[in-house]
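The values are calculated or read from the model by the stated rules, or taken from the named source; none is laboratory data. As the structure is a computational prediction, the values presented were derived from the model and not from experiment. In this analysis, Cβ positions are derived from the backbone assuming ideal geometry, glycine residues included, and neighbour counts consider all displayed protein chains. Heavy atoms of the whole protein, side chains included, go into the accessibility calculation; ligands, DNA and RNA do not. Shrake-Rupley method; radii C 1.70, N 1.55, O 1.52, S 1.80 Å.
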Amino acid sequence: MDEVLYQNQVTSDKAAVVAALAAANGSRDEEKGVVILKSFQQSRNIWVALRALDVPWLCEVATALDLRGMKLENWEQLVNYWPTGAELEELEDHAFGRKVGELRNVEETLLPLLRIPDLKFRLRLLDLTQSMPVTMDQLSQQLACVQQACRELQDSESLRQFLAVTLVACTYLNTGTTAEDIKTDASVTSFFEVQQLTKLSEHKLYVSTEGVGLGMQQGMCLMHFMVKQMRLKFPDRTPARFEAELSCLERGRKQRLDEVKQAIQLLRTNLKGLEAQVTNVFGLPEASCGSDEEKDCESASERTCSPDKRTRTPDLRARAWILLCPVKARLALLQQQFEEAEACAKAMLDHFGVEVRAVPAPQVAEKKESSSSKEEKKEKKELPPGDPLAVTLQQTFASFSHFLAEFRNKWK
């Protein structure tokens, strides 16, 4: 069916279009029936959507606001090409005038859906209350991954030992201070930045005759020396041991707290808009769960949306809030988890002495605009900078991930 419609979509011959549509959906031709949906694209998309949907089931779930454990799909294509006001009036005239037999199949199949008030909103309510928890679960998994990666970096014994060896070596190279001096002289300060882990392979070593006797070779880098030291002092701290202790590092590196924050804000905006529509269409619940305090939503949901209430109150107002209140409660928990992930990230950065700094704005974009005299002038528009904590966290994860890859390569 779809192939026939696509082949004829480009034609300008109205008779050929109507004939193709009639042959595809089994409806009556223009001479024997009434064509209300004049647009070929509209008729095609509505028919494709109706073929994918179980219309009797869709009428039941939209009327009762209950998906009954099933998934709502393919509804957006239907409502995006929904008939206009004039077309709806003409369809209703045929329906109430008992002239259904004169309609094509695509219009005739639409008639049961036209009898459901606020159909678009009902379908959107069912879809969002079903899809939002899935999105929230995905965001929750991302936040959990970030938290786990931060904890692993702080708790890794192998990483702590490697950093101790690196600290001594870098301090000696920078200041000439030995490990004994660091232990005995309190005035000696020794430190290096985490970002320097990515440069250990860039520093080439001059290997003396004594170093050659210890297994060093010309052309080796500082990372080779660190690996040699780890083999001598901590032979059990192999790359496999590092990877076991930092199993979530690579996944945590791919997550962005600022993107998760934006996704949560979008969910909150959509949910507020949906709540306003529910209030406008169905009214407030008996015990309002539309409180400004997100934390009160779960208890209000329990009061208003209990199983007993569902069986005693079959009206749509109660059913709409039964759908909405658990989603609000889940969003409040997600916001709490995001705040915990931010606190965990800050604690990890403080542990390694990484300072969260303001991120400079990206490169300035140039936008051309036409003036009244039709002369083109360039207007500079500054792009918003990234979130400092999110950028610093990602850079720190990347530094440790790069170190782990280099350590693995040099261990061979």
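Overview of results
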{"quantity": "Tabulated pairs, segment 258-286, first in a helix (DSSP H, G or I), second among the basic types (Lys, Arg) and modelled with pLDDT of 90 or more, C-beta under 8 angstrom, 6+ apart or interchain", "calculated": "Leu271/Lys328; Glu275/Lys328"}
{"quantity": "Criterion: assigned to a helix (DSSP H, G or I) and either at pLDDT below 50 or open to solvent by less than 20 Å² (accessible area, probe 1.4 Å) (or both) - qualifying residue of Val48, Val106", "calculated": "Val106"}
{"quantity": "Which numbered condition Thr135 misses (of (1) modelled with pLDDT under 90; (2) open to solvent by 20 Å² or more (accessible area, probe 1.4 Å); (3) within 23 Å of Leu323 (Cα to Cα); (4) part of a helix (DSSP H, G or I))", "calculated": "(1)"}
{"quantity": "Cβ pairs under 6 Å, 6+ apart, first in segment 132-154 and farther than 30 Å from Gly273 by Cβ, second open to solvent by 40 Å² or more (accessible area, probe 1.4 Å)", "calculated": "Gln154/His351"}
{"quantity": "All positions within segment 225-248 that are β-branched (Val, Ile, Thr) and either part of a loop (DSSP other than H, G, I, E, B) or open to solvent by 40 Å² or more (accessible area, probe 1.4 Å) (or both)", "calculated": "Thr238"}
{"quantity": "Residue in segment 80-94 that is modelled with pLDDT under 80, touching a helix residue (DSSP H, G or I) at 6+ places or on another chain (Cβ under 7 Å) and not polar (S, T, N, Q) present", "calculated": "yes"}
